[in-house]
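Undergrad: This is the structure I want to talk about, given as structure tokens.
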Amino acid sequence: MLSMKRAAVVVSAVVALLQAREAHAFKIAIDPGHGGNAPGAVGCNLEEATVNLDISLKLRDQLTSSGQTVVLTRTTDASVALSQRSSFRAAS
């Protein structure tokens, strides 16, 4: 599982990369994965679905504040079927 410190580094790197290319507008789709009745890996009192969502929401906020358009497949602890996830980007 990705540690919160590593996740922060990944978020910072993605934001820095996009800021360097600020002349180009992107539409970014983020899929936090798991959620609802699918918690993913569980350990140390953490569920993968919760960590994924937390990191995804922070990444969305960082990217939005740098001028990018961001959509997420989920913003709450909800189940999203694989078929919905795969068609999400095309519909957004």
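Undergrad: Might you check whether a residue that is modelled with pLDDT of 70 or more, out of contact with any His (no Cβ under 6 Å at 6 or more places or on another chain), small (Gly, Ala, Ser) and farther than 22 Å from SER86 by Cβ occurs anywhere in the range 13-20?
TA: Scanning the range 13-20 turns up at least one residue that is modelled with pLDDT of 70 or more, out of contact with any His (no Cβ under 6 Å at 6 or more places or on another chain), small (Gly, Ala, Ser) and farther than 22 Å from SER86 by Cβ.
Undergrad: Just give me the residues in the range 31-46 being crowded, with 19+ Cβ neighbours inside 10 Å and not in a loop (DSSP other than H, G, I, E, B), in sequence order.
TA: Across the range 31-46, the qualifying residue is only GLY35.
Undergrad: To continue, here is another question. Can you find, within the range 48-60, the residue that is farthest from the chain's Cα centre (by Cα) among those that are surrounded by 19 or more Cβ atoms within 10 Å (Cβ to Cβ) and without any contact (Cβ under 8 Å) to a residue 40 or more places away in the chain?
TA: Selected residue: ALA49.
Undergrad: Turning to a different aspect of this structure: Suppose we filter the range 67-86 for residues that are over 19 Å from GLY36 (Cβ atoms) and surrounded by 15 or more Cβ atoms within 10 Å (Cβ to Cβ); how many remain?
TA: Total meeting the criteria: 2.
Undergrad: Can you tell me which of GLY35, GLY67 is modelled with pLDDT under 90 and touching a Lys or Arg at 6+ places or on another chain (Cβ under 7 Å)?
TA: GLY35
The values are calculated or read from the model by the stated rules, or taken from the named source; none is laboratory data. No experiment lies behind these values; they were computed from the predicted model shown. Here the Cβ is made from the backbone with ideal geometry for all residues, glycine too, and neighbour counts use every protein chain on show.
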